[in-house]
Amino acid sequence: MSPRVLLVDDEANIRRMVGALLQSEGFETVEAPDGNAAITRIVEDAPDAVFLDLMMPPGPDGLATLEQIRKRAPHVPVIMMSGKANLADAVRAMKLGAFQFLEKPLTPESVIVTLRSALELGRTLAENRRLHEQLGHADPLVGSSKAMEELRALIARVAPTESRVLITGESGTGKELVASAIHRLSARGSKPFVTVNSAALPRDLVESEMFGHERGAFTGATERRQGRFELADGGTLFLDEVGDLGSEAQAKLLRVLESGIVERVGGEKPVAVNVRVLAATNKELKDAVRQGQFREDLWFRLNVLPIHIQPLRERPEDVAPLVRHFAARCAARLGRPVTFDAGAIPLLAAYSWPGNVRELANVIERLAILSSAEVITAADVAGVVPQDGAPPPAAGAPGGDTPWRDIVLSDTLDQYERELIARALSASRGNVAEAARRLDTDRANLYRRMRRLGIDPPRNTFDSIES
């Protein structure tokens with residue numbers, strides 16, 4: 001489907017000429033002669049971008065209309081147009097969230113180039129929103145552990161500043177969630193949050209993606225394109241897996257961070273940008289610096305405010321609230337309750353989660369989809385999650401001649417004990433006294449062991465996690 005563009009201007013000739021130009025380029029257009037009609041069109045036609053005139057007597061002017069559009073469709077890029085604007089009008093329009101300000105008379109090139117850039121920004125923001133919703137970014141910092149409380153407090157201190165932040169942690173710990181939270185809590189929260197996955201960028205396209213390119217800069221560059229820095233102007237740029245950037249891209253990134261100026265590939269005119277940079281990596285950049293794989297001066301520039309996210313295995317008490325969170329999301333998608341019994345949660349908490357929160361989310365979704373019963377049990381979990389807490393087989397037993405690997409005895413025994421308690425609680429439907437009987441111990445001893453292992457006692461006989 002072709003992008004739909006709303007043209008708002010009190011002059012019918014302007015609407016007709018711009019409309020004809022856009023239609024010849026393959027765009028669909030709708031028109032509005034004034035601000036009030038524009039608001040109606042925004043609701044009824046859901047345009048992908050808007051061209052909005054500044055002066056439209058006698059109704060609401062362009063700035064007043066812009067304010068209303070930002071309230072009703074905050075993610076739709078708006079391009080202002082005027083032949084009588086002054087600097088104050090342009091500044092106010094940009095503060096209100098306009099994407100660009102074009103002076104009349106309009107040129108075909110400026111209209112098309114600006115529109116394509118605006119639509120690209122709109123697509124980037126839409127994709128970010130989709131991913132955020134998919135990953136649960138609406139309330140990303142789920143967990144009750146001390147580590148999560150400290151992380152939330154650190155984000156609250158860091159977010160209002162303009163300083164750069166380097167977020168570290170294993171894959172799947174939620175580094176983009178932390179970056180998103182920092183952006184939302186900052187003064188830039190209403191501006192673009194643009195993500196760059198450095199590891200996914202082809203080496204020969206890194207500069208073009210990051211800094212943009214001019215038409216004809218290289219084979220295939222058929223039109224001017226804004227880079228991610230320009231798209232994030234006024235907002236936040238998140239550089240994920242920054243440790244995977246090549247040496248040449250590192251040098252150019254350093255220059256942008258030092259000067260606030262980007263140069264498009266094949267361009268001669270420098271472009272000033274106002275961007276807060278947040279970076280993340282699952283690598284140890286200190287080691288990369290020592291090995292000559294990452295520039296030390298760039299590391300210093302990025303690592304102004306370091307934030308480290310602990311892996312999930314170091315905070316097992318966060319598993320239960322995370323399961324509740326992911327179960328509620330699955331229930332909303334599937335249109336039915338997603339419930340875990342009392343024994344399932346300790347079993348999930350006993351697993352080491354090498355893929356961290358991302359792996360847990362995938363497992364919960366798999367269990368929710370595959371389970372035919374109303375309640376997901378410990379047996380269901382055991383069928384999906386590898387039981388890495390089970391003790392190694394004895395010599396002579398099946399698998400007993402498996403090559404030895406070093407293990408931490410106390411950790412392995414704790415994990416196995418968690419599994420036994422989880423299975424007993426599941427079999428007894430959350431009744432601790434019955435679980436103690438099945439384990440041939442007394443209830444007080446079982447409670448002591450559960451506290452030591454970080455297992456929350458059931459809230460009631462049929463303790464469960466429901467959507």
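The values are calculated or read from the model by the stated rules, or taken from the named source; none is laboratory data. All figures in this text were calculated on a predicted structure; none of them were measured in a lab. Cβ: placed from backbone, ideal geometry, glycine included. Neighbour counts: every protein chain shown. Surface accessibility is based on the protein's heavy atoms, side chains included, excluding ligands, DNA and RNA. Shrake-Rupley method; radii C 1.70, N 1.55, O 1.52, S 1.80 Å.
Under the shape rule built on the C-alpha gyration tensor, where the axes satisfy a ≥ b ≥ c, region 1-71 is oblate, since a/c reaches at least 1.5 while a/b does not exceed b/c. Taking every protein chain into account, the accessible area of the chain amounts to 50 square angstrom per residue (probe 1.4 Å).
Over all alpha-carbon pairs in region 239-314, figure out the percentage whose distance exceeds 17 Å. Intermediate results must be reported in sequence, preceding the final value.
On the way: 1412 of 2850 pairs.
Counting pairs separated by more than 17 Å, the tail of P(r) holds 50 percent.
If you take the beta carbon distance between Glu67 and Arg366 as r and set R0 to 51 Å, what does 1/(1 + (r/R0)^6) give as a FRET efficiency, to the nearest 0.05? Please report the intermediate quantities before stating the final value.
On the way: r = 46 Å, r/R0 = 0.90.
The value I calculate is 0.65.
Once the Cα atoms are used to define both axes, helix 146-158 deviates from the longest principal axis of the chain by about 20 degrees.
Structural descriptor for the chain: relative contact order 11 percent, calculated from alpha carbon pairs under 8 angstrom and at least 6 residues apart. Charged side chains reduced to their Cβ positions (Lys and Arg at +1, Asp and Glu at -1) give the chain a dipole of some 820 debye around its Cα centre. For the chain, the convex hull drawn through the C-alpha positions has a volume of 194 cubic angstrom per residue. Secondary structure note: in the chain, about 10% of the DSSP beta bridges are antiparallel. Separation of region 331-349 from region 49-123 is 48 Å, based on Cα centroids. In the chain the longest region clear of trypsin sites (Lys or Arg not before Pro) that are loop-assigned by DSSP and have at most 15 other C-beta atoms within 10 Å covers 85-214.
Of the solvent-accessible surface of the chain, computed with a 1.4 Å probe over protein heavy atoms with every protein chain present, carbon and sulfur atoms account for 51 percent.
For a 19 Å ceiling on Cα separation, which of these pairs sit above it: Lys104/Lys191; Lys252/Lys283; Lys84/Lys191; Lys146/Lys286; Lys71/Lys191? Write down the numbers at each step before the final one.
Numbers: Lys104/Lys191 26 Å; Lys252/Lys283 21 Å; Lys84/Lys191 27 Å; Lys146/Lys286 27 Å; Lys71/Lys191 14 Å.
Pairs exceeding 19 Å: Lys104/Lys191; Lys252/Lys283; Lys84/Lys191; Lys146/Lys286.
For region 146-279, what value does the Rg/Rh ratio take when both radii are computed over Cα atoms and Rh is the Kirkwood radius, given to two decimals?
On the way: Rg = 15.6 Å, Rh = 15.6 Å.
Reported Rg/Rh (Cα atoms, Kirkwood Rh): 1.00.
What value, in deg cm²/dmol to 500, does the helix sum -39500 (n - 2.57) over DSSP H runs of n ≥ 4 give at 222 nm once divided by the residues of the chain?
Values: 19 runs with 213 residues, N = 467.
Computed mean residue ellipticity for the chain: -14000 deg cm²/dmol.
Projecting the Cα atoms of Leu254, Val375, Thr195 onto the dipole axis of the chain, where Lys and Arg carry +1 and Asp and Glu carry -1 at the beta carbon, places Val375 farthest toward the positive end.
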